[in-house]
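First up is the structure itself, then whatever we jot down about it.
The values are calculated or read from the model by the stated rules, or taken from the named source; none is laboratory data. A quick note: this is a predicted structure, and the numbers were derived from the prediction, not measured. Here the Cβ positions follow ideal geometry from the backbone for every residue, glycine too, while neighbour counts run over all protein chains shown. Keep in mind that these areas ignore ligands, DNA and RNA; they rest on the heavy atoms of the full protein, side chains included. Shrake-Rupley method; radii C 1.70, N 1.55, O 1.52, S 1.80 Å.
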Amino acid sequence: MITVIGSLNMDLVIQMADFPQQGETVLGQHFQTSPGGKGANQAIAAARLGSNVTMIGCVGDDRFGHTLRTVLEQEHIDTTSLLTTSESTGIANILVHHNDNRIIVVPGANYKLEPTHLDAVKDVITQSQMVILQLEIPMETTAHAIKLCKEANVPVLLNPAPAANFDMCWMDDITYLTPNEIECAQLFGNDFDQTLEKYPNKLIITLGRDGARYFDGEYPIHVPGYMTKAEDTTGAGDTFNGALAYALVEGQSLDEAVYFANIAASLAVEQVSAQGGMPTLSKVYARMAGLDE
């Protein structure tokens, strides 16, 4: 079982031909609401591949919160540890421009997830094969989750986004850290080679269409990405993390798991919305076999 502890948001997605300048009004091309939040996204990515997934988080007692809970349940994700609070459900305003995006997150109910709630569902956490964390919940809650996992010897995959909420003291107690290039530079500086060597088989830097890098203890490893035409990159990193967790829990080596996650992410970006393009296991294997052309 994979347990995801993290955020759930309703994404408010606007596609546009031009980003507005300061004080400028522009017309958007398309608007839609779409279930999101890095925690929920990564939970769905893993579940759609076939993992048994439990989601721990908080939503509001409002229309968005009810929708997000229903979406998880439709993906066969266990929501019994999902708390409903009086705070409004978190939202993310996503501006999509020429296949790139800028995101503003309002945490809302996500910041009501407290360490005491994790204690109440401790058995779920300690019985997991892996716990996935991101940084869109309070730092003290993330720290407590890591502590509970360490005590129970449960592997932790932490996606440090936003990077400003990462505490370097966590590095000794997590199993995998998966920043993108920008996040890695914010955390460790720009000397990626030296940083990777410092954290062998733990630090995995995602490179978008160029794949991912890590250091295996002897050699630097670059796992290439899959070249595809991206329609929306919003859920690419979350798909990578959910797929990486799935593959590792299934017993794949780190090299195999990173390759698998790259393929899953390449499929995700071919459709609009964070969760919309997250692939099933059969689609990933079809692409790996060259049968999806």
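Determine the shape class of region 26-117: with a ≥ b ≥ c the square roots of the Cα gyration tensor eigenvalues, call it rounded for a/c under 1.5, and otherwise prolate if a/b is greater than b/c, oblate otherwise.
Cα axes put region 26-117 in the oblate bin.
Ignoring ligands, DNA and RNA, what accessible area per residue does region 31-90 give at 1.4 Å, in Å²?
Numbers: 2350 Å² over 60 residues.
With the other protein chains kept in place, region 31-90 gives 39 Å² per residue.
Which of rounded, prolate, oblate describes region 68-187, given a ≥ b ≥ c as roots of the alpha-carbon gyration tensor eigenvalues and a/c under 1.5 marking rounded, otherwise prolate only if a/b is larger than b/c?
Numbers: a/c = 1.70, a/b = 1.13, b/c = 1.51.
Judged from the Cα gyration tensor, region 68-187 comes out oblate (a/c at least 1.5, b/c at or above a/b).
By the gyration tensor of its Cα atoms, with a ≥ b ≥ c the square roots of the eigenvalues, what is the shape of region 61-105: rounded for a/c under 1.5, prolate for a/b over b/c, or oblate?
oblate
If each of Asp216 and Asp173 carries a label point 7 Å out from its Cα toward its Cβ, how far apart are those two points in nm?
Placing both labels 7 Å along Cα→Cβ, they lie 3.1 nm apart.
Just subtract the alpha-carbon distance of Leu83 and Thr70 from 0.36 nm times their residue separation and send over the number in nm, one decimal.
Result: 3.3 nm gained on full extension.
Which FRET efficiency, nearest 0.05, do Gln129 and Arg63 yield, Cβ-Cβ r, R0 41 Å?
0.75
Run the accessible area of the chain with a 1.4 Å probe and give the carbon-and-sulfur part as a rounded percent.
Carbon-and-sulfur percentage of accessible area, whole number: 49.
Which one, [x] 53, 45, 39; [y] 79, 48, 34; [z] 101, 39, 34, gives Cα extents along the principal axes in Å as derived from the coordinates shown?
Read-out from the structure maps to [x].
Within region 26-54, find all residues whose amide N lies under 13 Å from a label point positioned 7 Å from the Cα of Met1 along Cα-to-beta-carbon.
Hits in region 26-54 for Met1 at 13 Å: 52-54.
If the cut-off is a Cα-Cα distance under 30 Å, which lysines reach Lys198, setting aside same-chain residues fewer than 8 apart in sequence?
The reachable lysines, counting only those whose Cα sits under 30 Å from Lys198, are Lys38, Lys147, Lys150.
So in region 12-120, what percent of DSSP beta bridges are antiparallel if you round to the nearest 5? Walk me through the numbers on the way to the answer.
Numbers: 12 of 22 bridges.
The antiparallel proportion sits near 55 percent.
Over region 213-273, what number does the Rg to Rh ratio reach, with both radii from the alpha-carbon atoms and Rh per Kirkwood?
1.01
Largest first, please: the extent of the C-alpha atoms of region 182-225 along each principal axis, to the nearest Å.
Each principal axis gives a Cα extent; for region 182-225 these are 25, 25, 14 Å.
Using only protein heavy atoms and a 1.4 Å probe, report how much of Asp238 is accessible, in Å² to the nearest 10.
Surface open to solvent at Asp238 totals about 10 Å².
If you count the DSSP beta bridges with both ends in the chain, what percent of them are antiparallel, to the nearest 5?
Of all bridge pairs located within the chain, approximately 45 percent are antiparallel.
From Cα coordinates alone, what are the radius of gyration and Dmax values for region 147-293 in angstrom?
When restricted to the Cα atoms of region 147-293, Rg and Dmax are 15.1, 46 Å.
For region 149-202, what is one quarter of the convex hull surface built on the Cα atoms, given in nm²?
3.7
Return the calculated 222 nm mean residue ellipticity for the chain, to the nearest 500 deg cm²/dmol, obtained by summing -39500 (n - 2.57) across DSSP H runs with n ≥ 4 and dividing by the residue count.
-10000 deg cm²/dmol
HN-Hα J couplings of region 126-133 from phi, Karplus 6.51/-1.76/1.60, θ = phi - 60°, integer Hz, Gly and Pro as x?
Here the 3J(HN,Hα) series is 6, 8, 7, 7, 7, 10, 9, 10 Hz.
Relative contact order for region 137-293: what is it in percent, counting Cα pairs under 8 Å that are at least 6 residues apart?
Details: 235 pairs, mean separation 22.9, N = 157.
Relative contact order of region 137-293: 15 percent.
Over the chain, what is the relative contact order in whole percent, taking alpha-carbon pairs under 8 Å and six or more residues apart?
17 percent.
Once the whole set of protein chains is in place, how much accessible area is left on Asp167, using a 1.4 Å probe, in Å² to the nearest 10?
Looks like 60 Å² after rounding.
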